[in-house]
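Novice: Before anything else, here's the structure in question.
The values are calculated or read from the model by the stated rules, or taken from the named source; none is laboratory data. Since we're looking at a predicted model, the values are computed, not measured. FYI the Cβ positions are ideal-geometry reconstructions off the backbone, even for glycines, and counts take in every protein chain you see.
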Protein chains: 2
Amino acid sequence: MQIADLRSLSPSDLDRIMRRSAAAFDDVLPVVQRIMHGVQRGGDRAVRRYNKKFGGSAGHELRVTRAEIEAAYDKVDASVVAALQAAMRNIETFHRSEMTEEPPVHVGPGIEIRRLNRPIERVGLYVPGGRAAYPSSVLMMAVPARLAGCSRRVMCCPSDNEGNLPAAVLVAADVAGVTDIFKAGGAQAIAAMAYGTESIPRVYKIFGPGNRYVTAAKVLAAASGLCAIDMPAGPSEVLIIADESADARFVAADLICQAEHADDSACVMVTTSRPLAERVAQEVEHLTDGLPTRSRVATSLERYGILLIADSLDDAIALSNDYAPEHLQLMVGDPQAVLQKIVNAGSIFLGHYAPAAAGDYATGSNHVLPTGEYAKMYAPLSVDSFMRKVEAQTVTMEGLAAIRQTVGTLATVEGLPAHRQAVEVRFQSRGGRVVAAAKRG
Amino acid sequence: MQIADLRSLSPSDLDRIMRRSAAAFDDVLPVVQRIMHGVQRGGDRAVRRYNKKFGGSAGHELRVTRAEIEAAYDKVDASVVAALQAAMRNIETFHRSEMTEEPPVHVGPGIEIRRLNRPIERVGLYVPGGRAAYPSSVLMMAVPARLAGCSRRVMCCPSDNEGNLPAAVLVAADVAGVTDIFKAGGAQAIAAMAYGTESIPRVYKIFGPGNRYVTAAKVLAAASGLCAIDMPAGPSEVLIIADESADARFVAADLICQAEHADDSACVMVTTSRPLAERVAQEVEHLTDGLPTRSRVATSLERYGILLIADSLDDAIALSNDYAPEHLQLMVGDPQAVLQKIVNAGSIFLGHYAPAAAGDYATGSNHVLPTGEYAKMYAPLSVDSFMRKVEAQTVTMEGLAAIRQTVGTLATVEGLPAHRQAVEVRFQSRGGRVVAAAKRG
């Protein structure tokens with residue numbers, strides 16, 4: 001891996017590292033638009049046609065049956081089911097804590113406002129197929145959706161050309177309580193959930209990562225007002241802030257771990273210790289050697305990887321906040337002190353025994369995280385993502401009297417006299433009727 | 001206003017009411033795209049050119065000076081400043097309650113996860129100009145942005161052709177602590193905040209309502225990954241659920257209040273009482289008569305207004321959940337009981353003395369709300385909208401040991417061996433080094 005001084009890094013190298021893979025999808029928009037119109041008009045038939053065209057099965061039934069789910073359990077090792085259940089327990093424990101109801105706020109005498117948790121009734125979870133199966137991502141979406149109380153939890157995943165979904169994905173969906181599973185992939189799956197078809201229900205929000213076609217379809221669906229989406233997904237990334245207390249072997253293993261996701265993953269270490277950087281570079285060589293995924297690792301590290309040497313921890317932190325990494329590891333003597341200064345990151349891992357891989361699978365935190373600078377504006381997936389906090393306010397006659405003048409003055413300034421009238425009418429005496437009404441208020 | 005039985009409503013009437021104004025913006029996309037490219041290339045010069053072209057001033061200075069703000073205070077009545085301050089106090093009281101830090105969650109021995117509140121550092125607030133000035137909307141965005149801790153709170157508002165912003169808007173921005181105010185409107189203002197110009201800083205999330213050009217620009221900016229946006233804005237709407245306990249005059253005043261926003265506002269009452277519906281229709285006539293805004297009111301009520309008679313409160317609630325109103329008023333004998341069954345709504349007003357107008361200006365709740373069915377997926381604006389909850393997890397060697405097998409099994413299923421390695425490397429003994437590291441972990 002390239003080692004460089006942060007201070008003297010060339011503008012072009014800095015730009016390459018900071019930008020990482022931009023993952024543009026403008027060029028696929030016309031194709032995706034055609035697919036979406038096709039599904040809007042043709043429903044299930046169109047979904048089947050596109051499924052077949054893009055490498056899936058031409059099978060008639062889009063919905064996965066209970067028998068198929070049971071068969072999947074037989075194909076998967078018992079240790080995998082146990083691992084999925086163990087991971088789910090931790091995800092539940094952490095995510096359940098997000099569901100506290102807020103107490104009502106007494107704004108003043110006679111004015112009380114609450115925020116109530118209300119589930120998004122129908123949600124769509126997209127699970128990519130292709131090179132690998134990602135049952136862990138199913139848990140990360142389906143568990144918070146169930147905790148939030150979403151009544152329809154619809155999942156779409158592309159099948160192979162014999163009509164099979166990955167067995168581990170089916171088991172994960174079943175363990176996590178997905179209510180409806182469909183064989184549909186790519187832009188046609190997103191379109192089906194956005195518009196609804198004969199088989200696939202329309203949903204109000206679509207979640208999950210995917211290739212450029214999937215991302216383009218999600219963005220188009222959101223822009224057309226059909227549904228909300230979680231956030232645009234991009235290649236995986238890690239930034240590690242390390243000082244001389246870090247173990248070079250641990251750092252190297254964590255950089256490689258992120259780099260194996262794809263050949264455009266981004267892996268950056270910033271350290272105050274030049275000897276550490278040199279040892280990390282050596283360990284990266286050793287630890288990559290035996291891996292079946294070594295070619296992806298090598299490509300990623302060359303394209304978007306770097307070991308940077310900073311003059312101070314504060315310089316390292318400033319770079320990290322500017323980079324806004326999806327995963328941030330604080331492999332330093334006092335991670336809590338560094339944490340206070342971190343503003344932009346998706347998931348932060350503190351200490352030498354907290355590799356991002358632990359959060360990817362098992363600590364219970366959510367691994368659906370903002371990438372590619374999006375950590376400056378978006379949050380990790382959570383139960384919040386599957387519900388809305390609705391305002392509910394109670395105002396009595398006394399409360400309304402207290403704000404009567406404020407409403408009247410501002411309504412007049414804004415040229416909205418009927419807004420003033422809506423308050424005033426409640427204080428106009430009409431043969432005692434107002435007093436009677438007041439008793440009910 | 002039209003009175004109709006919910007049970008026997010014609011499909012075309014039901015469709016018209018449920019759809020309300022769709023507010024499509026597809027036809028303006030090409031123009032907006034041109035403006036956005038223009039601002040990306042031309043910066044301030046392009047913003048000034050478009051400002052002039054679309055009815056604003058050709059003035060050189062985009063930034064509002066301190067002297068202009070001071071002058072605005074002189075143009076505004078003292079009662080308006082007092083009303084803005086009173087409204088702001090209530091907004092602060094309610095919104096401050098949203099900022100609680102969550103306690104850490106102990107997932108298991110050695111695994112602790114927290115969610116930390118982190119502000120979105122730079123936010124952009126768009127305030128429309130044109131027919132009216134909306135200082136109240138400035139408060140609804142700028143107060144939560146300040147509470148969240150956003151360090152740059154940038155506001156854009158179109159000026160008149162002499163280069164002036166509405167005085168009340170300037171005063172509201174100053175009272176609420178906006179840090180940077182610019183004279184820029186329409187798509188060019190959104191583009192300026194999305195790309196950044198010489199004067200106008202790039203922001204990470206853009207808030208605020210606007211016309212179709214503004215909405216199209218926000219949607220395009222979000223789709224291109226330049227920034228996040230709050231939500232697409234549409235025409236204002238209210239749905240009132242009323243039983244025989246409601247005062248027809250209050251109901252009528254509240255329907256009219258919503259209808260005066262624009263000629264495509266939507267106003268629906270659903271009641272179990274036919275006599276109430278008939279009295280409301282009469283009162284709407286009386287109360288509209290004297291209003292300067294009566295022409296907009298009449299147009300809105302005719303296009304998207306209706307008084308529906310339902311067989312039961314449950315039928316009324318089902319319609320409301322399907323409609324997903326921006327404002328929902330529960331003018332019934334037992335509003336708390338009805339509230340339990342409400343799933344889809346933006347802001348809910350309980351009782352006979354809680355008109356939506358009170359929340360628009362003064363109760364402290366936020367009036368930037370989802371419209372046009374978006375209440376099924378989006379929440380009211382809140383402090384949450386201006387920050388992210390970042391995950392921070394501490395894992396000790398003991399904690400990592402507890403999940404070691406789960407990570408290994410799932411990484412293997414997903415074909416990601418370096419993920420397994422990242423955990424295993426921490427348990428491989430290499431001449432005692434691991435033990436030493438463990439003590440630091």
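Novice: Quick check: anything in region A:365-380 among the hydroxyl-bearing types (S, T, Y), facing another protein chain (nearest Cβ under 7 Å) and in contact with a Leu (Cβ under 8 Å, 6 or more places away or on another chain)?
Specialist: So the first thing to find is which residues in region A:365-380 are among the hydroxyl-bearing types (S, T, Y), and the list is A:365, A:371, A:374, A:378.
Going one step further and asking which of them are facing another protein chain (nearest Cβ under 7 Å), we end up with A:365, A:378.
With the extra rule that they be in contact with a Leu (Cβ under 8 Å, 6 or more places away or on another chain), the set shrinks to none.
No, because not a single residue in region A:365-380 is among the hydroxyl-bearing types (S, T, Y), facing another protein chain (nearest Cβ under 7 Å) and in contact with a Leu (Cβ under 8 Å, 6 or more places away or on another chain).
Novice: Now for a different question. Report, by residue number, each residue of region A:265-280 that is surrounded by fewer than 19 Cβ atoms within 10 Å (Cβ to Cβ), more than 13 Å from every other protein chain (Cβ to nearest Cβ) and out of contact with any strand residue (DSSP E or B) (no Cβ under 6 Å at 6 or more places or on another chain). Working first, answer last.
Specialist: Here is the first cut: in region A:265-280, the ones surrounded by fewer than 19 Cβ atoms within 10 Å (Cβ to Cβ) are A:273-275, A:278-279.
Now drop any that are not more than 13 Å from every other protein chain (Cβ to nearest Cβ), which leaves A:273-275, A:278.
A:S273, A:P275, A:E278 - these are the residues of region A:265-280 that are surrounded by fewer than 19 Cβ atoms within 10 Å (Cβ to Cβ), more than 13 Å from every other protein chain (Cβ to nearest Cβ) and out of contact with any strand residue (DSSP E or B) (no Cβ under 6 Å at 6 or more places or on another chain).
Novice: Does A:P209 count as within 12 Å of another protein chain (Cβ to nearest Cβ), part of a loop (DSSP other than H, G, I, E, B) and in contact with a Ser or Thr (Cβ under 9 Å, 6 or more places away or on another chain)? Steps first, answer last, please.
Specialist: Values: within 12 Å of another protein chain (Cβ to nearest Cβ): no; part of a loop (DSSP other than H, G, I, E, B): yes; in contact with a Ser or Thr (Cβ under 9 Å, 6 or more places away or on another chain): yes.
For A:P209, the condition - within 12 Å of another protein chain (Cβ to nearest Cβ), part of a loop (DSSP other than H, G, I, E, B) and in contact with a Ser or Thr (Cβ under 9 Å, 6 or more places away or on another chain) - is not met.
Novice: Check region B:186-204 and report whether any residue there is part of a loop (DSSP other than H, G, I, E, B), under 30 Å from B:A78 (Cα atoms), more than 10 Å from every other protein chain (Cβ to nearest Cβ) and of a type outside the set (D, E, K, R). Write out each step before concluding.
Specialist: Narrowing region B:186-204 to residues part of a loop (DSSP other than H, G, I, E, B): B:196-204.
Subset that is under 30 Å from B:A78 (Cα atoms): none.
No, the conditions are met nowhere in region B:186-204.
Novice: Can you report the number of residues in region B:100-136 which are more than 9 Å from every other protein chain (Cβ to nearest Cβ) and among the polar types (S, T, N, Q)?
Specialist: Qualifying residue count for the region: 1.
Novice: Looking only at region A:75-96, decide whether some residue is within 30 Å of B:A354 (Cα to Cα) and among the basic types (K, R). Don't jump to the end; show me each part of the working.
Specialist: If we filter region A:75-96 for residues that are within 30 Å of B:A354 (Cα to Cα), which is where we start, we get none.
Checked against the condition, which is being within 30 Å of B:A354 (Cα to Cα) and among the basic types (K, R), region A:75-96 yields no hits at all.
Novice: I've got another one for you. If we scan region B:44-51, do we find a residue that is over 26 Å from the mean Cα position of the chain (by Cα) and either under 24 Å from A:I113 (Cα atoms) or not assigned by TED's automatic domain parsing to the domain that holds B:R153 (or both)?
Specialist: Going through region B:44-51, the residues over 26 Å from the mean Cα position of the chain (by Cα) turn out to be B:44-46, B:48-50.
Now restrict to residues that are either under 24 Å from A:I113 (Cα atoms) or not assigned by TED's automatic domain parsing to the domain that holds B:R153 (or both): none.
No: zero hits.
Novice: Here's a follow-up. Do we have any residue at all in region B:386-394 that's buried (at least 23 other Cβ atoms within 10 Å of the Cβ), more than 7 Å from chain A (Cβ to nearest Cβ) and farther than 24 Å from A:L350 by Cβ? Break it down stepwise before answering.
Specialist: Filtering region B:386-394 for residues buried (at least 23 other Cβ atoms within 10 Å of the Cβ) gives B:386-388, B:390-394.
From the residues that got through so far, the ones that are more than 7 Å from chain A (Cβ to nearest Cβ) too are B:386-387.
Right, trim to farther than 24 Å from A:L350 by Cβ and you get B:386.
The answer is yes; a qualifying residue exists.
Novice: For the structure I just gave you, tell me whether A:V383 is modelled with pLDDT of 95 or more and more than 7 Å from every other protein chain (Cβ to nearest Cβ).
Specialist: On the way: modelled with pLDDT of 95 or more: yes; more than 7 Å from every other protein chain (Cβ to nearest Cβ): yes.
Answer is yes for this residue.
Novice: Six or more apart or on different chains, Cβ atoms under 7 Å: show the pairs whose first residue is in region A:319-340 and surrounded by 22 or more Cβ atoms within 10 Å (Cβ to Cβ) and whose second is basic (K, R).
Specialist: Going by the 7 Å Cβ cut-off, the qualifying pairs are A:A324/A:K376.
Novice: Go through region B:261-290 and give me each residue that's assigned to a loop (DSSP other than H, G, I, E, B) and at pLDDT 95 or above. I'd like the intermediate steps shown before the answer.
Specialist: Going residue by residue through region B:261-290, those that are assigned to a loop (DSSP other than H, G, I, E, B) are B:261-265, B:272-273, B:290.
Of everything in region B:261-290, those that are assigned to a loop (DSSP other than H, G, I, E, B) and at pLDDT 95 or above turn out to be B:T272, B:S273.
Novice: Which residue out of A:A173, A:A133 is buried (at least 21 other Cβ atoms within 10 Å of the Cβ), at pLDDT 95 or above and small (G, A, S)? Walk me through how you get there before you give the answer.
Specialist: Numbers: A:A133 fails: at pLDDT 95 or above.
Of the residues listed, the single one that is buried (at least 21 other Cβ atoms within 10 Å of the Cβ), at pLDDT 95 or above and small (G, A, S) is A:A173.
Novice: Does region A:220-230 contain at least one residue that is part of a loop (DSSP other than H, G, I, E, B), among the charged types (D, E, K, R) and within 30 Å of B:I229 (Cα to Cα)? Break it down into steps so the answer makes sense when it comes.
Specialist: Here is the first cut: in region A:220-230, the ones part of a loop (DSSP other than H, G, I, E, B) are A:224-227, A:230.
Filter once more, keeping what is among the charged types (D, E, K, R): A:230.
Those left that are additionally within 30 Å of B:I229 (Cα to Cα): A:230.
Checked region A:220-230: at least one residue is part of a loop (DSSP other than H, G, I, E, B), among the charged types (D, E, K, R) and within 30 Å of B:I229 (Cα to Cα).
Novice: Now for a different question. Anything in region B:286-318 that is under 30 Å from A:T412 (Cβ atoms), in contact (Cβ under 8 Å) with a residue 60 or more places away in the chain and either of a type in the set (F, W, Y) or touching a Ser or Thr at 6+ places or on another chain (Cβ under 9 Å) (or both)? List them, or say none.
Specialist: Within region B:286-318, B:L301, B:R303, B:Y304, B:G305, B:L307 meet the criteria.
Novice: To continue, here is another question. Please go through region B:231-256 and give me each residue that is outside any loop (DSSP other than H, G, I, E, B) and over 20 Å from the mean Cα position of the chain (by Cα), ordered by number. Full working, then the answer.
Specialist: Restricting attention to region B:231-256, the residues satisfying the condition of being outside any loop (DSSP other than H, G, I, E, B) are B:237-242, B:248-256.
If the condition is that a residue be outside any loop (DSSP other than H, G, I, E, B) and over 20 Å from the mean Cα position of the chain (by Cα), then B:I240, B:I241, B:A242, B:A248, B:R249, B:F250, B:V251, B:A252, B:A253, B:D254, B:L255, B:I256 are the ones that fit.
Novice: Where in region A:56-169 are there strands (runs of 3 or more DSSP E), lying fully within it, with 1 or more residues that are closer than 30 Å to A:A187 by Cβ?
Specialist: Details: elements: A:105-108, A:111-119, A:122-126, A:152-157.
By residue number, A:111-119, A:122-126, A:152-157.
Novice: Considering region A:97-115 alone, what residues qualify as being in contact with a helix residue (DSSP H, G or I) (Cβ under 8 Å, 6 or more places away or on another chain), loosely packed, with under 15 Cβ neighbours inside 10 Å and within 17 Å of B:R115 (Cβ to Cβ)?
Specialist: A:E102
Novice: A further question follows. Which count do you get for residues in region B:239-249 that are buried (at least 24 other Cβ atoms within 10 Å of the Cβ) and facing chain A (nearest Cβ under 10 Å)?
Specialist: Of the residues in region B:239-249, 2 are buried (at least 24 other Cβ atoms within 10 Å of the Cβ) and facing chain A (nearest Cβ under 10 Å).
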